[in-house]
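Peer 1: Got a structure here, written out as structure tokens. Questions coming.
The values are calculated or read from the model by the stated rules, or taken from the named source; none is laboratory data. All values reported here derive from a predicted model rather than from experimental measurement. Cβ coordinates were reconstructed from backbone atoms using ideal geometry, including for glycine residues, and neighbour counts include every protein chain displayed.
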Amino acid sequence: MDKYKLIVDLAVLEISKHEKVLSVENGIFKTDKNTNYGIDNLIYKSKDINEKAALNSIIKEHFNALFDSRNFSDNLDLKNFEKIRQYLSLRLYPKSYFEEYLNNRNCIYKIDLEDVYTVLMLDLPTAFTNVQREAFESWKKNELEVFSIAQENINKQNVEKVTQTVEFGGTNVQINFIGDETYAASYGLDLIHNSPDFVGNLGAVVAFPNKGIINVCKITTDHPLDFVKFIQGTKSLVKKFHDDHPYPVSTDFFWYYKGKFKKINVFENSDGKIDVTAPNELSDLLVKLK
């Protein structure tokens, strides 16, 4: 039996215990509760599993956790901000996904990275769910304050940090990795506070391929151009991390400076050479070093 079809059929059975499935299109289940459920995460979880019984177990566990979280959320007083604040979190979604599957009139979001939406979430015991505008407006808080609290919650997470020195084209370049399947990408939005050692006096270049890992290259006056080698040497790896993950974020590289991100233009020529064009402000800083 076709594995994809089997996963879909088993997922429909599980969802139908709670809601009526109206349609399945491009891996998205739409229900009579006006809810969408994606299948990408299930496919990723079961990529090495082929037996029906094992697949069924994974799918049951997945949807049990999802609906347990829904029940937990329903029993929370979502309008009581002091009880909710401990659950505030963030998740990054690529523009294409956000516009197709999330209701921007209902979501609370901001844009930190070009073509990526930072969405305000509730980090519940078994799942993430986005904050609804009705609940947000009942708090009578400004967005900046609430996003700041969510980021502070993320900064408390115990993520994995690894630093390696890698040779690119004869140049040794220090690369930093932050890994955590739930928090890495959103953790990377506030490096100046949660990972100051990863940020140089000229900032850093950061890649956010998926929600579970980010790659960082510090920019300093002693090594002002290492970021170019970093981009040229990791571009294909970042694309693989992006394409192979069920929750991709971006294939772009961003300059992080004074708490803000600017996209770096990267072009691959027909001969395979990779050209990197720094943002104007970074170029000005580099010129002053000469």
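Peer 1: Can residue 33 be described as among the basic types (Lys, Arg), loosely packed, with under 14 Cβ neighbours inside 10 Å and in contact (Cβ under 8 Å) with a residue 12 or more places away in the chain?
Peer 2: yes
Peer 1: Of the numbered conditions (1) touching a residue at least 24 places away in the same chain (Cβ under 8 Å); (2) assigned to a loop (DSSP other than H, G, I, E, B), residue 104 satisfies every one except a single condition; which is it?
Peer 2: For residue 104, the exception is condition (1).
Peer 1: Looking at residue 181, is it without any contact (Cβ under 8 Å) to a residue 12 or more places away in the chain and under 20 Å from the mean Cα position of the chain (by Cα)?
Peer 2: No: the conditions fail for residue 181.
Peer 1: Something else: Given the options 258, 218, 235, 262, name the one that is surrounded by fewer than 22 Cβ atoms within 10 Å (Cβ to Cβ), in contact with a Leu (Cβ under 9 Å, 6 or more places away or on another chain), among the charged types (D, E, K, R) and in contact (Cβ under 8 Å) with a residue 12 or more places away in the chain.
Peer 2: 262
Peer 1: Which count do you get for residues in the stretch 79-102 that are more than 18 Å from the chain's Cα centre (by Cα) and farther than 19 Å from residue 151 by Cα?
Peer 2: Qualifying residue count, the stretch 79-102: 2.
Peer 1: I'm checking my understanding of the structure. Among residues of the stretch 115-142 that are in contact with a helix residue (DSSP H, G or I) (Cβ under 9 Å, 6 or more places away or on another chain) and either farther than 28 Å from residue 38 by Cα or not assigned by TED's automatic domain parsing to the domain that holds residue 93 (or both), which one is surrounded by the most Cβ atoms within 10 Å (Cβ to Cβ)?
Peer 2: Selected residue: 139.
Peer 1: Tell me the residue from 90, 78, 66, 42 that is touching a residue at least 40 places away in the same chain (Cβ under 8 Å) and in a helix (DSSP H, G or I), please. Before you say what the answer is, go through the steps one by one.
Peer 2: Details: 90 fails: in a helix (DSSP H, G or I); 78 fails: in a helix (DSSP H, G or I); 42 fails: touching a residue at least 40 places away in the same chain (Cβ under 8 Å).
None of the others qualify; the one that does is 66.
Peer 1: Within the bounds of the stretch 100-110, is there any residue that is acidic (Asp, Glu) and at pLDDT 90 or above?
Peer 2: The answer is no, given that none of the residues of the stretch 100-110 is acidic (Asp, Glu) and at pLDDT 90 or above.
Peer 1: Restricting to the stretch 3-28, name every residue that is in a loop (DSSP other than H, G, I, E, B) and either at pLDDT 85 or above or loosely packed, with under 14 Cβ neighbours inside 10 Å (or both). Working first, answer last.
Peer 2: First, the residues of the stretch 3-28 that are in a loop (DSSP other than H, G, I, E, B): 16-20, 26-27.
Within the stretch 3-28, 16, 17, 18, 19, 20, 26 qualify.
Peer 1: Sticking with this one: Of all residues being charged (D, E, K, R) and closer than 20 Å to residue 218 by Cβ in the stretch 265-285, which is surrounded by the fewest Cβ atoms within 10 Å (Cβ to Cβ)? Just the residue, please.
Peer 2: For the stretch 265-285, the residue satisfying everything is 284.
Peer 1: Also, quick follow-up: Taking the stretch 257-283, which residues are at pLDDT 95 or above and acidic (Asp, Glu)?
Peer 2: Matches in the stretch 257-283: 275, 281.
Peer 1: Return yes when residue 111 is without any contact (Cβ under 8 Å) to a residue 40 or more places away in the chain, farther than 30 Å from residue 252 by Cβ and not in a helix (DSSP H, G or I) and no when it is not. Step through it out loud before you land on a result.
Peer 2: On the way: without any contact (Cβ under 8 Å) to a residue 40 or more places away in the chain: yes; farther than 30 Å from residue 252 by Cβ: no; not in a helix (DSSP H, G or I): yes.
No, not satisfied.
Peer 1: Here is a further query. Given the criterion small (Gly, Ala, Ser) and surrounded by 22 or more Cβ atoms within 10 Å (Cβ to Cβ), identify the matching residue among 170, 179, 188.
Peer 2: Among 170, 179, 188, only 188 is small (Gly, Ala, Ser) and surrounded by 22 or more Cβ atoms within 10 Å (Cβ to Cβ).
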